[in-house]
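Q: This is the structure I want to talk about, given as structure tokens.
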Amino acid sequence: TNTTRVAPSMSCATSRPLKPGIWMSRNTRSGCSSAILAAASVHVPIVLDDCGTWAAALVAVRLAPAASGYLIASHGGAQPGYRSALRALDLEPLFDLGLAHGEGTGALLALPLLDAAARVMIELGRS
């Protein structure tokens, strides 16, 4: 099954910035939109990766515009649809490596960067 990480949680209140997220099949677009809405409703950021997560995010933001504040674009992607989705969601990708395989590589590469950013925020809050 082709899976994509769609909702890693980040907490700046603990020393454990990232926790395991929700894994969903790319083939469950409506379920993915629901997972995005559910995560955003409890203030959990969502890392977008492949065309399935971009499409689900577009639907989720159409249903609940405030959900856009919880979206993180892992990468720019090599497919034209990625760029269109980025523009529609008003997101900048964390990196642009021309990834286009859809196996969640972009999200997996983004997690250490997000973890490091959360740790910096925690440390800055202590000083």
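Only the coordinates and a few stated rules stand behind these numbers; no lab work does. Nothing here was measured: the structure is a model prediction, and the numbers come from that model. Positions of Cβ are backbone-derived with ideal geometry, glycine not excepted, and every protein chain shown enters the neighbour counts.
Q: Residue 74's amide H: which non-local residues (gap 5+, or another chain) put their own amide H closer than 5 Å, with H modeled 1.01 Å from N in plane and none for Pro or chain starts?
A: 48, 94
Q: For the stretch 45-50, what does the Karplus curve 6.51 cos²θ - 1.76 cosθ + 1.60, with θ = phi - 60°, yield as ³J(HN,Hα) per residue in whole Hz, taken in order and with x for Gly and Pro?
A: Computed from phi, the couplings for the stretch 45-50 are x, 10, 8, 8, 9, 9 Hz.
Q: Which net charge results for the neighbourhood of residue 99, defined as the other residues with beta-carbon distances under 10 angstrom from its beta-carbon, given Lys and Arg at +1 and Asp and Glu at -1? Kindly include the intermediate steps, with their values, before the conclusion.
A: Working: positive: none; negative: 49, 50, 96, 103.
Value of the local net charge: -4.
Q: Work out the length of the dipole vector of the stretch 41-127 about its Cα centre, built from +1 on the beta-carbon of each Lys and Arg and -1 on the beta-carbon of each Asp and Glu, and round it to the nearest 20 debye. Working shown, then result.
A: Numbers: 5 positive and 8 negative charges, 44 e Å.
Dipole about the Cα centre, nearest 20: 220 debye.
Q: For the stretch 37-93, what is one quarter of the convex hull surface built on the Cα atoms, given in nm²?
A: Details: hull surface 12.9 nm².
The number I arrive at for the stretch 37-93 is 3.2 nm².
Q: Using θ = phi - 60° and the Karplus curve 6.51 cos²θ - 1.76 cosθ + 1.60, what whole-Hz ³J(HN,Hα) does each residue of the stretch 53-64 get, with Gly and Pro shown as x?
A: 6, 5, 4, 4, 5, 4, 5, 4, 5, 5, 6, 9
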